[in-house]
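Here's a structure for you.
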Amino acid sequence: MSGSQDYDRPSIERTVRAGEIELHVAERGAGMPVVFVHGFPLDHTMWENQLCTLGENWRVIAPDLRGFGRSQAGTGAASMEAMADELAALLPALGIDEPIVLVGLSMGGYVAFQFWRKHRQLLRGLVLCDTRSIVDSAEAAAGRRKLAAQTLAEGPAPVAAGMLPKLFGPHTREHDPATIEATRQVILNTSPQGIAAALEGMAARPDATSYLAEIALPTLVVVGQDDAISSVDEMRTLAHGIKGSEFVVIPRSGHMTPLENPAEFNEALEQFLTRVERGGPKS
Ligand code: MLT
């Protein structure tokens, strides 16, 4: 996703088998593995800035989840659990044999909760960005299922029209329309089947609120000051639920913190990753 950002050192991109499907993966750098999981209905390109910047110090890896970007869609609903299992299967395929730091934004956070639930032995740290631990209300879940059917019938345009105003904060809308336009193009190029399957998967996702007190890993919780989907108050409550977690509010940002204010997002993440790498106590 290249809005106002240009990078002259591209990541390595390849397709890797993960369980029953093939996932497209971009990666850069060497050292402690840090896996970035994108939000809905996007792909790995939302992490371009982080791949470039944090790839100077760590092995940064950004897959396209099933049905997004250039990854295969598989069949049926894309449950958050299936996506987490595929990420776990990806690690040995990439030759990773040490615990990772998992960074998930929004839907990527839902996947991260399931990864923690099933594969926590593979984790060294957790970064939850602009996400939610609660389930959808019955009304919201019904709305997702309706949108899934509409997407299969009409393509991704209605999803783009519905999501874009909620993804970006006022500062980005005023100062960085190129990033919003680049995001629109990503959504419009996403497979309707992939979007519909993920909508079904999110509608059926488990409530992760009950897990929070059990998470005993270094955890960073990040939210944009103007996030219209997962508010600062909701994310603060989520952070309070995870003992010892760090909580950072990113200014001049809506829901898409890594894209809207990459400098401050990266700084918070870099400080956290440095502490995790040094093996400091859970802060
Ligand atoms: C996302 O950014 O991944 C979405 O806002 C998640 C959702 O629709 O719940």
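The values are calculated or read from the model by the stated rules, or taken from the named source; none is laboratory data. What you see is a predicted model; the values in this text were computed from it and never measured. Every residue, glycine as well, gets a Cβ built from its backbone with ideal geometry; the counts of neighbours run over all protein chains shown. When the accessible area is computed, the model is the full protein with side chains, heavy atoms only, and any ligands, DNA or RNA have been set aside. Shrake-Rupley method; radii C 1.70, N 1.55, O 1.52, S 1.80 Å.
Return the residue satisfying two criteria in turn: it lies in the range 190-211 and is aliphatic (A, V, I, L, M) and open to solvent by less than 10 Å² (accessible area, probe 1.4 Å), and of such residues it is farthest from E277 (Cα to Cα). Can you show your working first?
Let us first name the residues in the range 190-211 that are aliphatic (A, V, I, L, M), namely 195-199, 202-204, 208.
Checking which are open to solvent by less than 10 Å² (accessible area, probe 1.4 Å) leaves us with 195-196, 198-199, 202, 208.
Values: I195: 35, A196: 38, A198: 33, L199: 35, M202: 32, A208: 26 Å.
The residue in question is A196.
The rows are residues; the columns are (1) over 16 Å from the mean Cα position of the chain (by Cα); (2) under 18 Å from E214 (Cα atoms); (3) open to solvent by 50 Å² or more (accessible area, probe 1.4 Å); (4) within 15 Å of the ligand (Cβ to nearest atom).
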{"position": "G76", "(1), (2), (3), (4)": "yes, no, yes, no"}
{"position": "A84", "(1), (2), (3), (4)": "no, no, no, yes"}
{"position": "A88", "(1), (2), (3), (4)": "no, no, no, no"}
{"position": "P99", "(1), (2), (3), (4)": "yes, no, yes, no"}
{"position": "G109", "(1), (2), (3), (4)": "no, yes, no, yes"}
{"position": "Q114", "(1), (2), (3), (4)": "no, yes, no, yes"}
{"position": "Q121", "(1), (2), (3), (4)": "yes, yes, yes, no"}
{"position": "C129", "(1), (2), (3), (4)": "no, no, no, yes"}
{"position": "D136", "(1), (2), (3), (4)": "yes, no, no, yes"}
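Ok, one more. Every residue in the range 15-70 that is assigned to a strand (DSSP E or B) and among the small types (G, A, S), please.
So the first thing to find is which residues in the range 15-70 are assigned to a strand (DSSP E or B), and the list is 15-18, 21-28, 33-37, 59-63.
Of everything in the range 15-70, those that are assigned to a strand (DSSP E or B) and among the small types (G, A, S) turn out to be A18, A26, A62.
Does the range 255-264 contain any residue that is within 14 Å of the ligand (Cβ to nearest atom), within 28 Å of I100 (Cα to Cα) and assigned to a loop (DSSP other than H, G, I, E, B)?
Within the range 255-264 (the criterion being within 14 Å of the ligand (Cβ to nearest atom), within 28 Å of I100 (Cα to Cα) and assigned to a loop (DSSP other than H, G, I, E, B)), the answer is yes, since at least one residue qualifies.
Pairs under 6 Å by beta carbon, first residue under 9 Å from V103 (Cα atoms) in the range 125-138, partner within 12 Å of the ligand (Cβ to nearest atom) and open to solvent by less than 10 Å² (accessible area, probe 1.4 Å), six or more apart or different chains?
L128/G109; C129/L105; C129/T257
Within the range 37-58, how many residues are of a type in the set (A, V, I, L, M, F, W, C), away from the ligand (no atom under 16 Å from the Cβ) and over 19 Å from L126 (Cα atoms)?
Looking only at the range 37-58, we keep the residues that are of a type in the set (A, V, I, L, M, F, W, C), and these are 37, 40, 42, 46-47, 51-52, 54, 58.
Going one step further and asking which of them are away from the ligand (no atom under 16 Å from the Cβ), we end up with 51-52, 54, 58.
Restricting the remaining residues to those that are over 19 Å from L126 (Cα atoms) gives 52.
The number of residues fulfilling the criteria is 1.
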